[in-house]
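Here the structure is laid out as structure tokens; the discussion comes afterwards.
Every number in this text was worked out from the coordinates using simple rules, so none of it is lab data. What you see is a predicted model; the values in this text were computed from it and never measured. Here the Cβ positions follow ideal geometry from the backbone for every residue, glycine too, while neighbour counts run over all protein chains shown.
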Amino acid sequence: MNQTPDLQRVLADMLSECEGVGCVLMRDSGEIVVAVGSATDVDVRRLMKDFRSVLDQARLTGDILGTGTIEEVMADSEKLTLLVRVIAQGQLIFGLAIGPGANIGKARHYLRLRSSDVVRAISLDT
């Protein structure tokens, strides 16, 4: 799959708007479609791939308990906050890592807001 400049631009814009350190778009299978980010001691690409198993467990628990479809998950740590949103009817996982002290509410807002831009840009690639 080719990476359109539009998709790269959307992700790069999100990073600058949200004090982000990394932004990753991944297929539900775990294949990374595109990743952008600044230099950091945390490998956001690897973090997203590993976090997919946490998301799978949350989905399973949601199914068992009947809570509905998982839309968004957040993990907050000492070095960063990872916000993950499931988009495109569960086919894509959109992750944004922000640094300590960054505005989580703003990052969540942009993650939701930019999800449709990402889906639109990725559909131009296929």
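Values computed for the structure shown
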read-out: Rounded to whole Å, sorted largest first: equivalent-ellipsoid semi-axes of region 5-125, Cα gyration tensor; value: 21, 17, 13
read-out: Region 5-125, dipole about Cα centre (Lys/Arg Cβ +1, Asp/Glu Cβ -1), debye to the nearest 20; value: 100
read-out: Within the chain, helix-based [θ] at 222 nm, where runs of 4 or more DSSP H residues each add -39,500 (n - 2.57), nearest 500; value: -16000 deg cm²/dmol
read-out: Cα centroid separation, region 96-125 to region 31-74 (Å); value: 14
read-out: Highest average packing first - 83-90, 22-29, Cβ atoms within 10 Å; value: 22-29, 83-90
